Amino acid sequence: MFKRIVPTAIAAAVGVIVLTGYLLPRGLPAYPIFAFLRDRLIQWAVIVAAFAFILGFFNVLRVHLRRITRGKSNALYSSLLIITALISLGLTLIGLTAPLFHAAEMATLRQTLITASDWWFQYVLSPLQASAAALIAFTLTLAGFRLLRGRKTTRERLLAVLFLLAAAIVLIGTLPPLIGPVAGPLGYLKNLVMNGLTTAGVRGLLIGVALGTLLMGLRVITGLDRPYSDS
C-alpha cells in the first residue's frame, strides 16, 4: 500500500503545483512561489525526458545488435541502422563540442568539425527526411486503392472514393503548371483541400488530442491512472 500511495501523492502534488502555476493570477502574492516551482519542475521533466531519449537510443542499438548476433534475415538492415546511428551521433557531438575550442590555433579544426556536422545534416539527413515525406503521399494513395477494393458497402466505397479524389487533387495540383487551362482549377481545388478541408480536420484532431490530454492529466492527478507505477 505504501508503494502505491507515495508515487500517487508525488504525481498529484507535482501536477497541482504546475497547473496552479499556470492558472494563478499574476497579481496574487503566492504567484512568484508557484511560478518558481512550476519552472523548476518543468526543467527537471525536460532533463528526465532527455535522458529517456538517450536510453531509447541505446535500447534501439541493443535490439538491433541482438538481431545481428542471432543471424536473422534482416541483420543487414540492422547493421546499416547501427552504423548510421553511430555516425549521426558522432557528428552531432562533434558539431556541439566544436565551438568549445576557443584557442586561435584550433580555429581550422573547429571550422572543419562544424562543416562536417553541417554537411551530414544538410546532405544526408535532410534528403532522407524529404524522401520519407514524399513516400507518404504515394503510400496513402495506394492505401486508398486498397480501401476501395476491400470495402463492400456503398458508404464505405464512397468514403474511399472521396479519399482518393482528395489525394489525386493534391498530388496533381502540386505539380508544375504543365497542363494548360486545367492548372488553374486544379490549383484552386488543391488550395481548397489543403487550406480549407484539411485545416478544419487537423484542428478537430488537435482539439480532440488536447481534450484527451487534459482528461489524462486529470486522471493522473486524481490517482485514477498510475502510468508511473506497475501496480
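The values are calculated or read from the model by the stated rules, or taken from the named source; none is laboratory data. Computed from a predicted model, the values in this text were never measured in an experiment. Here the Cβ positions follow ideal geometry from the backbone for every residue, glycine too, while neighbour counts run over all protein chains shown. To get the accessible areas, we keep the full protein, side chains included, count just its heavy atoms, and leave off ligands, DNA and RNA. Shrake-Rupley method; radii C 1.70, N 1.55, O 1.52, S 1.80 Å.
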Query raised in the report: Quick one: what pairs do we get from the stretch 1-21, first residue closer than 14 Å to A45 by Cα, second of a type in the set (D, E, K, R) and at pLDDT below 75, C-beta under 8 Å, 6+ apart or different chains?
Result: A11/R226
Query raised in the report: If you scan the stretch 2-42, which residues turn out to be surrounded by 14 or more Cβ atoms within 10 Å (Cβ to Cβ), among the small types (G, A, S) and within 21 Å of M216 (Cα to Cα)?
Result: A11, A12, G15, G21
Query raised in the report: Mind checking which residues of the stretch 43-58 are open to solvent by less than 100 Å² (accessible area, probe 1.4 Å) and either more than 19 Å from I87 (Cβ to Cβ) or outside any helix (DSSP H, G or I) (or both)?
Result: Q43, A45, V46, I47, V48, A49, A50, A52
Report summary line: Those residues of the stretch 116-171 that are open to solvent by 90 Å² or more (accessible area, probe 1.4 Å) and acidic (D, E) come to a total of 0
Query raised in the report: Do we find that A75 is on the phi < 0 side of the Ramachandran plot, modelled with pLDDT of 80 or more and small (G, A, S) in this structure?
Result: yes
Report task. Pairs only if they're at least six apart or on different chains, beta carbon under 6 angstrom, first in the stretch 212-224 and surrounded by 10 or more Cβ atoms within 10 Å (Cβ to Cβ), second assigned to a loop (DSSP other than H, G, I, E, B); list them, first residue then second. Result -> R219/D225
